[in-house]
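Undergrad: What follows is a structure written as structure tokens; I'll ask about it next.
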Amino acid sequence: MSGSSDHSLDLPPLLSGLELDSHADPFLKARAEAAIGCDAGLVVHALSPDRVRAAIVLAPETPLEQAMAALPACGTGLQNALGALAPPEVAVHLSWDGGIRVNGARCGSFQACAAQTDPAETPDWLVVGFDLPLLPPYVDDPGQTPDQTGLFVEGCADLDPPRLLESWARHTLHWLTGLEQSGGRAALHREWRGLLWQMGETVTQPHAGTTLTGKFMGVDEDFGMLLRDDAGTTHLLPLSALLQRS
């Protein structure tokens, strides 16, 4: 998988870029770089005519369950970036499990992986990445996938993908840095709650080898989903359950 130091993006001083060709997978490359000990703050990215993909390598200093706050931090950073660059009528929400919603339709997702998966252990590294489609799956016949969309057909045709990546990096760094400061975690909690898709509604979510259905009541202090089933039992679904295991 090819990659080169990236000089085209204007990234904050604490971050560095690695640009891949459009066919490469930034998430897989970021995992590989993290495993061999790259510096934290590496942003691996790939742009193609129909997609924007990027991943950031982090070096957590807290147990994994607390470190997973990086997932909502990165998601909130993307929403903030789109809020700054997209027309004001474009509504961007975030699903608890990493999904991205633009004007109500699915438009890509976030994913995360870590060196260790024990929620109580501090991982050597954590990678969070996203895949954001610019065009819907069937651009000539969007009716085939009415619940899936692309950024360019949602009022963002003039949006410049490299500038979006730069803005995402800046906003994400703001939220990640805030997690290390007094009050920063609570601030992210408030911001992310306001962006969550379907909070207060009935949702279905895989959990511990089964599937739970219930009312999405909110999130706990570690951003875990609180889901109340029909029997009145409230289940806690931790963010660490979303980690890719392979």
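The values are calculated or read from the model by the stated rules, or taken from the named source; none is laboratory data. Just so it is clear, the structure is predicted and the values come from calculations on it, not from any experiment. Positions of Cβ are backbone-derived with ideal geometry, glycine not excepted, and every protein chain shown enters the neighbour counts. SASA here: full protein model, heavy atoms, side chains in, ligands and nucleic acids out. Shrake-Rupley method; radii C 1.70, N 1.55, O 1.52, S 1.80 Å.
Undergrad: If R₀ is 30 angstrom, what is the calculated FRET efficiency for the pair residue 61 and residue 8, using the beta carbon separation as r and rounding to 0.05?
TA: E between residue 61 and residue 8, to the nearest 0.05, is 0.45.
Undergrad: Take the alpha carbon atoms of the stretch 143-216, find their radius of gyration, then divide it by 2.2 N^0.38 Å using N residues; give the quotient.
TA: In units of the globular-protein estimate, the stretch 143-216 measures up at 1.53.
Undergrad: Could you size up the charge dipole of the stretch 91-181 around its Cα centre, putting +1 on the beta carbon of Lys and Arg and -1 on that of Asp and Glu, and report it in debye to the nearest 20? Display every interim value, and only then the final one.
TA: On the way: 4 positive and 13 negative charges, 43 e Å.
Charge dipole, the stretch 91-181, about its Cα centre: 200 debye, nearest 20.
Undergrad: In the chain, which whole DSSP H runs stretch at least 18 Å along their own axis (Cα) and average -0.5 or higher on the Kyte-Doolittle scale?
TA: Qualifying helices, which must be both long enough and hydrophobic enough, are 70-85.
Undergrad: Still on this structure: Please compute the length gained on full extension between residue 211 and residue 181, using 0.36 nm multiplied by the number of residues separating them and subtracting their Cα-Cα distance.
TA: Full extension from residue 211 to residue 181 adds 7.2 nm.
Undergrad: For the stretch 1-81, compute Rg over Rh where Rg is the Cα radius of gyration and Rh is the Kirkwood radius from the inverse mean 1/r over Cα pairs.
TA: Computed over Cα atoms, the ratio is 0.96.
Undergrad: Here's a follow-up. At what distance in nm do the modelled label points of residue 230 and residue 158 sit from each other, each positioned 7 Å from its Cα along Cα→Cβ?
TA: With each label placed 7 Å out from Cα toward Cβ, I get 5.0 nm.
Undergrad: State the Cα centre-to-centre distance between the stretch 60-115 and the stretch 38-57 in whole Å.
TA: 14
Undergrad: How big is the gap, in Å, between the Cα center of the stretch 195-246 and the Cα center of the stretch 134-193?
TA: 22
Undergrad: Could you tell me what percent of the accessible area of the stretch 86-185 is made up of carbon and sulfur, with a 1.4 Å probe and every protein chain present? Present the calculation step by step, with values, prior to reporting the outcome.
TA: Values: 2190 of 4520 Å².
Taking all protein chains in place, the stretch 86-185 shows 49 percent carbon and sulfur surface.
Undergrad: State in Å² the accessible area per residue of the stretch 80-155; use a 1.4 Å probe, count heavy atoms of protein chains only, and round to the nearest integer.
TA: Numbers: 3270 Å² over 76 residues.
With all protein chains present, the stretch 80-155 gives 43 Å² per residue.
Undergrad: What value, in deg cm²/dmol to 500, does the helix sum -39500 (n - 2.57) over DSSP H runs of n ≥ 4 give at 222 nm once divided by the residues of the chain?
TA: Rounded to the nearest 500, the figure is -7000 deg cm²/dmol.
Undergrad: Express as a percent, rounded to the nearest 5, the fraction of DSSP beta bridges in the chain (both residues included) that run antiparallel.
TA: For the chain, the DSSP antiparallel bridge percentage is about 90.
Undergrad: Sorted by mean Cβ packing within 10 Å, highest first, what order do the peptides 20-31, 72-83, 163-174 take?
TA: 72-83, 163-174, 20-31
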